[in-house]
Amino acid sequence: MLALYGHRFSSYTWKALIPLYANGTEFTFRDVDPGSDDGPANMDFVRAAHPAAKFPVLVDGDRRIIEATAIVEYLAVHHPGNAPLIPDDPGEAVTARMMDRVFDNYVMGSAQRVVNAYIANAENPDHEQVELGRAGLLHAYAWLDGWLAENALPPHVSLVTCAAAPSLFYGDWVARIPADCPRVAALRSELLALPAVARCVDDARPYRSYFPPGAPDRD
């Protein structure tokens, strides 16, 4: 059986959980939270499996797959289900991978910049890093709203869904999606309504105090 090592509050763990939930794939979740019974041992496994000691890590027999995007791609090939995670059309697959990078690098990446500033100094985070992160988010939202005006995402759980849902969820906590980006706001709402995503949101609720800038009282 598959095993996924990760944390339920982690955006990139969500990225790996969403396709597993959407396709009803059987797996065991190995929690790395230090408060869980096997958390320290599971984190030791992650340190050995990943060159930067990062999760999620997927284990399938004697195979270890690291990096969330690679995990989604692996599941699409080796454990396919009703949700076609990668489009069959090569051109559409290129677009899916492009948008995966946009959400990871420019939405989640910008949000993470702010989070990292608060991790470094919760009482007095680096103002420049916070402002750069928030500015990056607003720029990404504007670009995405324009892209969505001319393009449609797949009407099912895909690689793009797996990247977009956690990045927009946490990104909006760091910098609210502005009123002049209605398509991005609508996409976030649509994604959070998906059963696989809603399950991730609910399972992460006990850990909201972990969010360094402070979790808002919503969602």
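The table that follows gives values for the structure above.
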| read-out | value |
| --- | --- |
| Evaluation of Arg101 against (1) assigned by TED's automatic domain parsing to the domain that holds Asn151; (2) under 19 Å from Pro212 (Cβ atoms) (one fails), failing number | (2) |
| Positions within region 122-160 being among the acidic types (Asp, Glu) and in contact (Cβ under 8 Å) with a residue 24 or more places away in the chain, in sequence order | Asp145 |
| Inter-residue pairs, beta-carbon under 8 Å, first modelled with pLDDT under 95 and in region 1-14, second surrounded by fewer than 23 Cβ atoms within 10 Å (Cβ to Cβ) and in a loop (DSSP other than H, G, I, E, B), 6+ apart | Met1/Glu26 |
| Residue in region 168-180 that is outside any loop (DSSP other than H, G, I, E, B), closer than 15 Å to Ser110 by Cα, of a type in the set (Ser, Thr, Tyr) and at pLDDT 95 or above present | yes |
| Single condition Ala204 does not satisfy, out of (1) in the same structural domain as Ala111 (by TED's automatic domain parsing); (2) among the hydrophobic types (A, V, I, L, M, F, W, C); (3) buried (at least 18 other Cβ atoms within 10 Å of the Cβ) | (1) |
| Condition broken by Tyr12, with the remaining ones in (1) in contact with an Asp or Glu (Cβ under 7 Å, 6 or more places away or on another chain); (2) under 20 Å from Ala111 (Cα atoms); (3) of a type outside the set (Asp, Glu) satisfied | (1) |
| Helices (runs of 4 or more DSSP H) contained in region 1-114 and holding at least 2 residues farther than 22 Å from Thr161 by Cα | 39-49 |
| Selected residue (criterion: modelled with the lowest pLDDT) from residues of region 140-166 that are more than 14 Å from Val72 (Cβ to Cβ) and in contact with a helix residue (DSSP H, G or I) (Cβ under 6 Å, 6 or more places away or on another chain) | Leu153 |
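The values are calculated or read from the model by the stated rules, or taken from the named source; none is laboratory data. Keep in mind that what you see is a predicted model, and the values were worked out from it rather than measured. So basically every Cβ, Gly included, is an ideal-geometry build from the backbone, and we count neighbours across all protein chains shown.
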